[in-house]
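A quick write-up on the structure given underneath.
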Amino acid sequence: ERLYDEYERASREWTPLQFSIADQISGKINFATKSLHSIIYRTRPDVNAIVHVHADHTVAWSLLRKPFLFTTQESSLFYNDIAQVELAELITNDNADLIAQNFASVNTLIMNNHGAITLGANLESAIWRTILLDKICKLNLLASSAGLPHEIDTVTLEKNHKFFALPKTMTYQY
């Protein structure tokens, strides 16, 4: 058996097929994995891992439909690298391309009323983004319940982003 990081990129790519909502509901296929993810792999050759989750704090933040708040040093990782999209319906052929287009220049997507997708050069960096995203959403929810959190200024965000986006800092450190 090969380890995950030994798999070649090609072994994780799928040919986009046409699937119906009935196929999804019946459990015959996972449309999001088979279609949306393959579109992202095809359009983003720098991506080797995708994490699609419905983490509690990220979903809770998405329900508010508020822009992501850059309130902690770690949130700088997402500066100019996060998008938010409406997604109250199931992923279908009609909206998979639209969702994937949001990843043209970002590695994190919050899907309102749904969850999030993070991308990475490897599985560890995609998971790290997911963990940080949920942690920051939790902190933003807590701080928002007490008032309006103060965000970090853009000059500091840019400076911090350069550090947090380095491959050596894209590992789980807690």
*asked:* If each residue of separation counts as 0.36 nm, what is the full-extension length gain between Leu166 and Glu124 once their alpha-carbon separation is subtracted?
replied: 13.8 nm
*Spacing of the two label points (7 Å from each Cα toward its C-beta) at Asp46 and Val106, in nm*: 1.6
*asked:* Probe radius 1.4 Å, ligands and nucleic acids ignored: give me the carbon and sulfur share of the accessible area of the stretch 90-141 as a rounded percent.
replied: 57
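Accessible area per residue of the stretch 114-161 at 1.4 Å probe, in Å²? All intermediate terms of the calculation are to be shown ahead of the outcome.
Details: 2410 Å² over 48 residues.
Ligands and nucleic acids excluded, the result is 50 Å² per residue.
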*Under a point spin-label approximation (7 Å from Cα along Cα-to-Cβ), what is the Asn80-Asp153 distance to one decimal in nm?*
1.8
*Evaluate the distance, in nm, between pseudo-label points positioned 7 Å from the Cα of Ser144 and of Thr71 along their respective Cα→Cβ axes.*
0.8
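Rounded, prolate or oblate for the stretch 90-148? Axes are the square roots of the Cα gyration tensor eigenvalues, ordered a ≥ b ≥ c, and the cut-off for rounded is a/c under 1.5.
Oblate, because a/c is 1.5 or more while a/b does not exceed b/c.
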*Largest first and in whole Å, give the semi-axes of the stretch 46-126's equivalent ellipsoid, each being the square root of 5 times a Cα gyration tensor eigenvalue.*
19, 17, 11
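The values are calculated or read from the model by the stated rules, or taken from the named source; none is laboratory data. No experiment lies behind these values; they were computed from the predicted model shown. When we count neighbours, we look across all protein chains shown, and the Cβ atoms used for this are built from the backbone with ideal geometry, even at glycine. Areas reflect the complete protein model, heavy atoms only, side chains present, ligands, DNA and RNA absent. Shrake-Rupley method; radii C 1.70, N 1.55, O 1.52, S 1.80 Å.
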